[in-house]
Amino acid sequence: MAHQNQAKNTPNRDVGGRYDERMEAFLVSTGIVALAEMGDKTQLLSLVLAARFRKPWPIVWGILVATLVNHGLAGAVGSWVTTQLGSAALRWVLGGSFLAMAVWILIPDKFDEAAENTSPRFGIFATTVVAFFLAEMGDKTQVATVMLAAQFNSWFWVVAGTTLGMMLANAPVVWLGDAITRRVSLTWVHRVSAVVFAVLGALALWGGPAATPEKKEPAAETRPTAFVAPIQL
């Protein structure tokens, strides 16, 4: 009976474990990207587009579509990396990448506002999609998406989290302008982001280059059982 009850309870624990891992990937991705996006060049692009066109809804929808496509591709690359590298190599790559991101996040972005002053040819929505997609190529948040997808090996929840983080950082700027960025200390936001990336890098490197093989205890010697003939009375 004890074995039957344990077998019945095992699937519930497995489902709970997968649920926790998915939510962890979603929440961590949301928080990291929202912090990393503050003061980023794509957030500055959102501010420029909002000030220029003064129509928030097409801009917000354009940011959403561009982010879904861009981060969807980035997440796919991160998931592919996990299939190509062993666990030891992946640990070192992720750890080094997160530590590099901790340094990179402290370097302020430069945005070429003059490059965005051309008149839109395909409407506000299409202009936002193209401009935001191109600005996000090779950006901190795109690189972070690749690393998070490789770290958690959960493409959907990582992309959902990074997309939500991008919208949390950019949508208020589109509607409220630079009132948000002026009230928030971007220096401290970048410092907090750097600490988060450094912690993730340290956790990724925690196990070292390879997991220490478990020492197996020698199996007990089996001795042949002596045959004892029954005593006949």
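The values are calculated or read from the model by the stated rules, or taken from the named source; none is laboratory data. Everything numeric here is computed off the predicted structure, so don't read it as measured data. Here the Cβ positions follow ideal geometry from the backbone for every residue, glycine too, while neighbour counts run over all protein chains shown.
Pairing residues of region 155-170 that are farther than 15 Å from Ala135 by Cβ with residues that are buried (at least 22 other Cβ atoms within 10 Å of the Cβ) and among the acidic types (Asp, Glu), at Cβ distances under 7 Å and at least 6 apart in sequence or on separate chains, gives Gly165/Glu37. Figure legend. Inter-residue proximity from region 86-104: first residues of a type in the set (D, E, K, R), second residues assigned to a helix (DSSP H, G or I), beta-carbon distance below 6 Å, spacing 6+ or different chains. Indicated pairs: Arg91/Ala204. In region 42-81, which residues are of a type in the set (D, E, K, R) and either part of a helix (DSSP H, G or I) or within 21 Å of Ser154 (Cβ to Cβ) (or both)? The answer is Arg52, and nothing else.
Looking across region 42-73, the residues that are surrounded by 18 or more Cβ atoms within 10 Å (Cβ to Cβ), within 11 Å of Val129 (Cα to Cα), touching a Phe, Trp or Tyr at 6+ places or on another chain (Cβ under 7 Å) and aliphatic (A, V, I, L, M) come down to Ile59, Ile63, Ala66.
So that you can scan it fast, the table gives a plain yes or no per residue for (1) modelled with pLDDT of 80 or more; (2) assigned to a helix (DSSP H, G or I); (3) β-branched (Val, Ile, Thr); (4) loosely packed, with under 13 Cβ neighbours inside 10 Å:
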residue: Thr83; (1), (2), (3), (4): yes, yes, yes, yes
residue: Ala89; (1), (2), (3), (4): yes, yes, no, no
residue: Val93; (1), (2), (3), (4): yes, yes, yes, no
residue: Leu99; (1), (2), (3), (4): yes, yes, no, no
residue: Pro108; (1), (2), (3), (4): no, no, no, yes
residue: Arg121; (1), (2), (3), (4): no, no, no, yes
residue: Thr127; (1), (2), (3), (4): yes, yes, yes, no
residue: Ala131; (1), (2), (3), (4): yes, yes, no, no
